[in-house]
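S.K.: This is the structure I want to talk about, given as structure tokens.
The values are calculated or read from the model by the stated rules, or taken from the named source; none is laboratory data. Everything numeric in this text was worked out from a predicted model, so none of it was measured. All Cβ positions, even for glycine, are placed from backbone atoms using ideal geometry, and neighbour counts span all protein chains on display.
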Amino acid sequence: MNLTRVIAVLCGLVAPWSLAQQHVHDHGSLLMIQENDRLQIQFDIPAANIFNFEHQAVTSAQNNTVREFMMMLNSPQLFIQFNENCRLSGMTENVSQVFLKTKTDQHHHAHVEEHHEHANVIFSYEFSCKQAVRTVQLPIFERAITLQQIEVQWIDNQRQGLLTVSRNTPSFSLLK
Ligand SMILES: [Zn+2]
């Protein structure tokens, strides 16, 4: 696999709805790409497991939930932690576009509620790490208490792998 191409795809991947995979409640996914000192990760989690609703916030209570989550996104360690010290160098999210209430969009709210669509919360971080990350912890399970599993796909310069992390054991290792 061409890693540069994969990273290019990842950078353009934050879309309102995940097209790449099935939407299954309680199951999220994490894509993790390491290339030299650069580490990119992307979470893709059913909105039902983050917000308890899957549409743009309608009530102010829902909007507060979304705002609180957006504040948390500024602290990646609330979602993922590594054995190595990694410096955050970038973040993208779809929350502000898809879930945050906008004053000018009253008609659209009603429309979205009627259809009861599914939606995913998608957010990505880019880190710079001096050493390749070997162990990963996923405190995201503490933020999303109904989330049961995360399917992790990881890719580095030499290899790639797929594994499932459950909330009972919210960590994994990428062994050499
Ligand atoms: Zn759903």
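S.K.: Select from region 43-81 the residues that are closer than 16 Å to PHE172 by Cα and either at pLDDT below 95 or in contact with a helix residue (DSSP H, G or I) (Cβ under 7 Å, 6 or more places away or on another chain) (or both) and write down the one among them that is surrounded by the most Cβ atoms within 10 Å (Cβ to Cβ). Lay out the reasoning, then the answer.
M.R.: So in region 43-81, the residues closer than 16 Å to PHE172 by Cα come out as 43, 77, 79-81.
Remaining after also requiring either at pLDDT below 95 or in contact with a helix residue (DSSP H, G or I) (Cβ under 7 Å, 6 or more places away or on another chain) (or both): 43, 79-80.
Numbers: PHE43: 25, PHE79: 22, ILE80: 20.
Step by step, filter region 43-81, then rank; the result is PHE43.
S.K.: If you scan region 28-58, which residues turn out to be within 16 Å of the ligand (Cβ to nearest atom) and under 10 Å from the mean Cα position of the chain (by Cα)?
M.R.: GLY28, SER29, PHE43, ASP44, ILE45, PRO46
S.K.: In region 137-167, how many are part of a loop (DSSP other than H, G, I, E, B), at pLDDT 95 or above and under 20 Å from CYS86 (Cβ atoms)?
M.R.: Number of matching residues: 2.
S.K.: Of all residues in region 118-176, which are hydroxyl-bearing (Ser, Thr, Tyr), surrounded by fewer than 17 Cβ atoms within 10 Å (Cβ to Cβ) and touching a residue at least 12 places away in the same chain (Cβ under 8 Å)? Don't jump to the end; show me each part of the working.
M.R.: Our first condition is that a residue be hydroxyl-bearing (Ser, Thr, Tyr); within region 118-176, this holds for 124-125, 128, 135, 146, 164, 166, 169, 171, 173.
Within this subset, residues satisfying the condition of being surrounded by fewer than 17 Cβ atoms within 10 Å (Cβ to Cβ) are 128, 135, 146, 164, 166, 169, 171, 173.
Correct list: SER128, THR135, THR146, THR164, SER166, SER171, SER173.
S.K.: Answer with yes or no whether GLU114 is within 16 Å of the ligand (Cβ to nearest atom) and either at pLDDT below 95 or assigned to a helix (DSSP H, G or I) (or both). Steps first, please.
M.R.: Numbers: within 16 Å of the ligand (Cβ to nearest atom): yes; either at pLDDT below 95 or assigned to a helix (DSSP H, G or I) (or both): yes.
Yes; evaluated as a whole, the condition is true for this residue.
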